[in-house]
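Comments concern the structure below.
Since every read-out is calculated from the coordinates, none of them should be taken as a lab result. Just so we're clear, the structure is a prediction, and the values are computed from it rather than from any experiment. Note: ideal-geometry Cβ built from the backbone for every residue, glycine included; neighbour counts use all protein chains shown.
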């Protein structure tokens, strides 16, 4: 059975994509910790990051770094937190979160009802910075 993320990647469920290529996608999470909280996900359904093909793992991190730089420019946080949890969806995904302090990464603080207009603005800000950086694969 396809994972939630595979359904998103295949267009069966809506998402605010900021990046797509043949191996990896990035989209805003529906329950952000902070505005700009983005997931970077391989297209391949792999449950645990240690089981990713090395080339896919490398590319996932390259894309995460590019998206992280765009989030940094768009939101100007102290840092971009990165975590790999994977307990909630059995499909590898990196959480990129603009943070001011470590507590900003606590998943219990997710906003389960974010304003859709705020989410649209956040996605557009990340896309704009990706385009400005010349990153190929920016989603429309």
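Of the residues making up region 1-32, those that are more than 19 Å from residue 124 (Cβ to Cβ) and surrounded by 20 or more Cβ atoms within 10 Å (Cβ to Cβ) are 5, 9, 24. The condition of being over 14 Å from the mean Cα position of the chain (by Cα) and in a helix (DSSP H, G or I) holds for residue 117. For region 111-120, indicate whether the set of residues that are under 24 Å from residue 3 (Cα atoms), in contact with a strand residue (DSSP E or B) (Cβ under 8 Å, 6 or more places away or on another chain) and surrounded by 16 or more Cβ atoms within 10 Å (Cβ to Cβ) is non-empty. Looking for residues that are under 24 Å from residue 3 (Cα atoms), in contact with a strand residue (DSSP E or B) (Cβ under 8 Å, 6 or more places away or on another chain) and surrounded by 16 or more Cβ atoms within 10 Å (Cβ to Cβ), one finds at least one in region 111-120, hence yes.
Screening residue 124 on (1) more than 25 Å from residue 57 (Cβ to Cβ); (2) touching a residue at least 12 places away in the same chain (Cβ under 8 Å); (3) under 15 Å from the mean Cα position of the chain (by Cα) shows it passes everything except condition (2).
Looking only at region 87-111, residues that are within 13 Å of residue 41 (Cβ to Cβ) and free of Cβ contacts under 8 Å to residues at least 40 places away in the same chain come to 1 in all.
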